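Read through the structure below, which is laid out as structure tokens, and then see the notes.
Only the coordinates and a few stated rules stand behind these numbers; no lab work does. Bear in mind the structure is a predicted one, so any value in this text is a computation, not a measurement. Positions of Cβ are generated from backbone atoms using ideal geometry, with glycine treated the same way; all protein chains shown enter the neighbour counts.
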Amino acid sequence: MAYALAAFTFAAVVAAFLGTRRLLLARLNSLAGRTVTDLDDFAVQVLGMVRAPEYYLVAFYFATRPLGLDPRVNHFLRSVVIVTLAYRALTMLRLGVDYGVRRVMAGPAADQSSKDTAKTVSLLLRGLLWMLTGLFVLDNLGIDVSSMIAGLGIGGIAVALAAQAVLGDLFSATAIHLDKPFVVGDFIIIDDFKGTVERIGIKTTHLRSLSGELLVMGNSKLTSSTIRNYKKMQERRVVLNFGLLYSTPDAALAEMPAAVRGLVEKDKTLRFDRAHFSGLGESSLDFEVVYYILDADYNKHMDAQQRLLLELVADVRKRGLDFAYPTRTLFLEGGPGQPRASGAAA
């Protein structure tokens, strides 16, 4: 009777496992065909990793429980089941770690440095999974792992202290890839350094400066500094200041802001903001013009600014006006019996 019950239990457990697996795979495959995300494809892959012999092993273990087998046999079967299930869970978690890291840090548009960092992070997480799985298996096999955990803790502290700078750069590299304050190809400025990002490594990031030399900066310095990223700029704000002579007629002064506005709005690569007669300088009547260049490219910015300046100079000359330049007027008071004289010096 006991063996019949064991056979029934074995068959029922196997049927339940296989039926559930088949049902889940059918639902997931159907869902995968209707969606564009690869998450359901990943779930199908993970579920498909569980093999039929593993179902049979678990079912056999449960079926033999009521038979009253020798304790050593039960212990052996339990150990085999624990090791088998732990290994299968480890492979599934490892696949999940690879999928998660690849999705977050190394997407389809990722550069090679991002992919290299993702591989390193995956390798470290795999090592951590192996260590935790080993401790779990040993503990369930009746082996005291408290001393091992204590040793790992002390060893981990020693390693962390010895490799503090390296680990700091590694964590900073991970933060850079996750937060993405810049990517390869961006032009950035950090403190007094500026250049185009060529590579984001595990420990350092490489910048190519405007003068051509390679700048190598630690990742921890980058994450602790203020970064100005010009590649992410959508448009560039420009403030243009110029001055006219004090001899400029009042009517011409009043017309100048509208005239400059017309010059800016004529260029489709620019967006006008404001133009004002802004102040009385030492030797000039000052104007301030603010406009936006609708492109982040610096060369296009300079081209547009050059066009505007040429048109502004031509317009000022066409009106019979002239730009101011630094001058000073000196008033000389003569002595007794001497005439009063005045003169101008540039």
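Results, tabulated for the structure shown:
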{"read-out": "Segment residue 258-residue 302, extension gain: residue separation times 0.36 nm, minus the distance between their alpha carbons", "value": "13.5 nm"}
{"read-out": "Separation of the residue 139 and residue 2 label points, Cα + 7 Å toward Cβ, nm", "value": "3.3 nm"}
{"read-out": "Proximal charge balance of residue 278 [Cβ under 11 Å; K/R count +1, D/E count -1]", "value": "-1"}
{"read-out": "Label-point separation in nm, residue 216 to residue 171, each point 7 Å along Cα→Cβ", "value": "2.4 nm"}
{"read-out": "Cβ-defined net charge surrounding residue 241, 12 Å radius [Lys, Arg +1; Asp, Glu -1]", "value": "-2"}
{"read-out": "Förster radius 25 Å - calculated FRET efficiency between residue 27 and residue 88 (Cβ-Cβ, nearest 0.05)", "value": "0.70"}
{"read-out": "Virtual paramagnetic centre 7 Å along Cα→Cβ of residue 12, amide N under 17 Å, in region 42-69", "value": "56, 58-68"}
{"read-out": "Fewest-first sequence of 319, 72 by Cβ atoms within 10 Å of each Cβ", "value": "72, 319"}
{"read-out": "Candidate lysines for bridging to residue 266, where Cα separation is under 26 Å - those fewer than 8 sequence places away on the same chain excluded", "value": "300, 318"}
{"read-out": "Span from the region 1-31 Cα centroid across to the region 225-260 one, whole angstrom", "value": "77 Å"}
{"read-out": "Qualifying lysines (Cα of each under 17 Å from Cα of residue 221; at least 8 residues distant if same chain)", "value": "180, 194, 203"}
{"read-out": "Förster radius 22 Å - calculated FRET efficiency between residue 233 and residue 310, Cβ distance, rounded to 0.05", "value": "0.35"}
{"read-out": "Neighbour-count ranking [beta-carbon atoms within 10 angstrom, fewest first] of 329, 226, 9", "value": "226, 329, 9"}
{"read-out": "Set of aspartates and glutamates with alpha-carbon distance to residue 231 below 12 Å, sequence-local pairs under 8 removed", "value": "186, 295, 297"}
{"read-out": "Local net charge near residue 20, Cβ-Cβ under 14 Å (Lys/Arg +1, Asp/Glu -1)", "value": "+2"}
{"read-out": "Gain in span if fully extended, residue 147 to residue 70, counting 0.36 nm per residue against the direct Cα distance", "value": "24.6 nm"}
